[in-house]
Amino acid sequence: MVQYQRLIIHHGRKEESGGSSCCYSKRAKQKFRCLLVFSLLSCCFVLSPYYLFGFSTLSLLDSFRREIEGLSSNEPFTTPLCSEISNGTICCDRTGLRSDICVMKGDVRTNSASSSVFLFTASTKNNTKPEKIKPYTRKWETSVMDTVQELNLITKDSNKSSDSICDVYHDVPAVFFSTGGYTGNVYHEFNDGIIPLFITSQHYKKKVVFVIVEYHDWWEMKYGDIVSQLSDYPLVDFSGDARTHCFKEATVGLRIHDELTVNSSLVNGNQTIVDFRNVLDRGYTHRIQSLIQEETEANVTALDFKKKPKLVILSRNGSSRAILNEKLLVELAEEIGFNVEVLRPQKTTEMAKIYRSMNTSDVMIGVHGAAMTHFLFLKPKTVFIQIIPLGMDWAAETYYGEPAKKLGLKYIGYKIAPRESSLYEEYGKDDPIIRDPDSLNEKGWEYTKKIYLQGQNVKLDLRRFRETLTRSYDFTIRRRFRDEVPRLLVT
């Protein structure tokens, strides 16, 4: 931005160089004085962070700037298979490792009694074979896919068929997907469902009907604010609604790219995970305004987070991966200068309330687990500190660390030392569980789950963790300062 401003000033001088030499000389001296004053002020703004926060903080900020500059993508859009098909045909793309996608175009009708979607055609030469598909995005995981309802996609001759006519006609396309599988776990609800739904449907610009296989009332209540930003129409419960719904086009199944992310080169319009987060922002804005109004009417005094940076500790409610010295962690954070909120979300906690807490925070701390999915609610440039228990390095970085960077967060992975794990006292320093977690992980998921996920808590070395908190505090103050400078210059 500074280089851009200098470029504008430079061009301005060149444009004014056509006047008389006398007048130009006077103007040049005046401009030289102004430029000198401006340069001195700029130096004060630029150099002050070195003295206020130290060189290490500025280096941290510069490295983060380089990270977020790489967020936008200009990669060419790659058209997915089956994106363009002729009328009266079914096209299935089964090349994906994570999900299958089928597209039907023409006279599409639902028949929930037979778990079927029919495509009626008058063509006597249509030899399209029937297709079967489970519209869920964990194709490779047989155990969970076995629990997902399968749909039959069948072509029928409209001249011979005696099937019922349309009960409900829709003049927009449909997207069919399942809320079965691992739905109930917030990570899977976003990774396997909500984000793929955005990827698959965003190009319809809300002119699309969502038909849900294995529909749950609670899912619609929980995610209705988000879904309303992707579709202008009521959800259709495929199994619970016996009526025949008719469409001109239908996509069965969802496209998925990677863990909690959006690959811009595979999305028409080059959208990224930041665009998905903007959908969340729009979805929760109205409800958050209502929450603020309710608090005002109830005379609830909210903490003033305007002066001090706000830190949210996402506390685990279960019996594993808890921070055993959480109270001392809160005291340390407050001593450093944070206003601290400890958030303990339950399954029944309204998503808008969680979103509001996270969206107004400067730093988020949490131990690796499904609740880390809530990093999606953080604003870009927010600090996300994931505490990584023993044996969880790969999972923590793959499922949350890398996606967080793509969202534009300042991600810090805090790998605990063996002594910070409850397993250290239980097994001793020489046990392979402590000394060589990879060897145990190689035995299979059940071992990893039992030992490292379900059997481990964390007691932070607060002397060690203080450095991470201090860096995060300095980074936040520096970021606020940089965000304020343009506004100060304008005023």
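The table that follows gives values for the structure above.
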| item | result |
| --- | --- |
| Conditions (1) in a helix (DSSP H, G or I); (2) at pLDDT 95 or above; (3) more than 30 Å from G408 (Cβ to Cβ); (4) open to solvent by less than 90 Å² (accessible area, probe 1.4 Å): number failed by Q456 | (1) |
| Scan of the stretch 114-145 for residues that are at pLDDT 95 or above, among the aliphatic types (A, V, I, L, M) and either out of contact with any strand residue (DSSP E or B) (no Cβ under 7 Å at 6 or more places or on another chain) or not in a strand (DSSP E or B) (or both), ordered by number | V144, M145 |
| Qualifying positions in the stretch 235-254 - open to solvent by 50 Å² or more (accessible area, probe 1.4 Å) and closer than 19 Å to G180 by Cα | S239, G240 |
| Hits in the stretch 106-145 - residues which are open to solvent by 70 Å² or more (accessible area, probe 1.4 Å) and under 33 Å from the mean Cα position of the chain (by Cα) | K132, W140, T142, S143 |
| Cross-chain or 6+ apart pairs with Cβ under 7 Å, the stretch 220-235 first and under 18 Å from Q202 (Cβ atoms), then assigned to a helix (DSSP H, G or I) and among the charged types (D, E, K, R) | D225/R287; Q229/R282; L235/E220 |
| Single unsatisfied condition, E334 versus (1) crowded, with 19+ Cβ neighbours inside 10 Å; (2) over 15 Å from V383 (Cα atoms); (3) acidic (D, E) | (1) |
| Matching residues, the stretch 284-334, being at pLDDT 95 or above, within 22 Å of the chain's Cα centre (by Cα), not β-branched (V, I, T) and not in a loop (DSSP other than H, G, I, E, B) | Y284, K310, L311, L314 |
| Residue within the stretch 277-286 that is more than 26 Å from G366 (Cα to Cα) and either touching a Pro at 6+ places or on another chain (Cβ under 6 Å) or open to solvent by 40 Å² or more (accessible area, probe 1.4 Å) (or both) present | yes |
| Subset of the stretch 255-269 that is of a type in the set (D, E, K, R) and open to solvent by 30 Å² or more (accessible area, probe 1.4 Å) - its residue that is modelled with the lowest pLDDT | D258 |
| Test: F481 is within 26 Å of the chain's Cα centre (by Cα) and surrounded by 12 or more Cβ atoms within 10 Å (Cβ to Cβ) | no |
| Residue that is surrounded by the most Cβ atoms within 10 Å (Cβ to Cβ) [pool: residues in the stretch 380-426 that are basic (K, R) and assigned to a strand (DSSP E or B)] | K410 |
| All positions within the stretch 202-219 that are part of a helix (DSSP H, G or I) and free of Cβ contacts under 8 Å to residues at least 40 places away in the same chain | Y204, D217, W218 |
| Subset of the stretch 351-379 [surrounded by fewer than 23 Cβ atoms within 10 Å (Cβ to Cβ), under 13 Å from the mean Cα position of the chain (by Cα) and outside any helix (DSSP H, G or I)] | K379 |
| Any hit, the stretch 254-264, residues being assigned to a helix (DSSP H, G or I), more than 25 Å from N152 (Cβ to Cβ) and touching a residue at least 40 places away in the same chain (Cβ under 8 Å) | yes |
| In the stretch 320-331, the residues that are over 25 Å from W394 (Cβ atoms) and buried (at least 19 other Cβ atoms within 10 Å of the Cβ) | L329 |
| Number of positions in the stretch 429-444 that are surrounded by 12 or more Cβ atoms within 10 Å (Cβ to Cβ) and part of a loop (DSSP other than H, G, I, E, B) | 2 |
| Checklist (1) in contact with a helix residue (DSSP H, G or I) (Cβ under 8 Å, 6 or more places away or on another chain); (2) under 19 Å from Y187 (Cα atoms) applied to Y427, failing item | (2) |
| The stretch 162-203: number of residues that are surrounded by fewer than 17 Cβ atoms within 10 Å (Cβ to Cβ) and under 19 Å from V103 (Cα atoms) | 4 |
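The values are calculated or read from the model by the stated rules, or taken from the named source; none is laboratory data. A quick note: this is a predicted structure, and the numbers were derived from the prediction, not measured. Ideal geometry is used to build each Cβ from the backbone, glycine not excepted, and the neighbour counts take in all protein chains shown. Note: accessible area is taken over every heavy atom of the protein model, side chains too, but ligands, DNA and RNA are not part of it. Shrake-Rupley method; radii C 1.70, N 1.55, O 1.52, S 1.80 Å.
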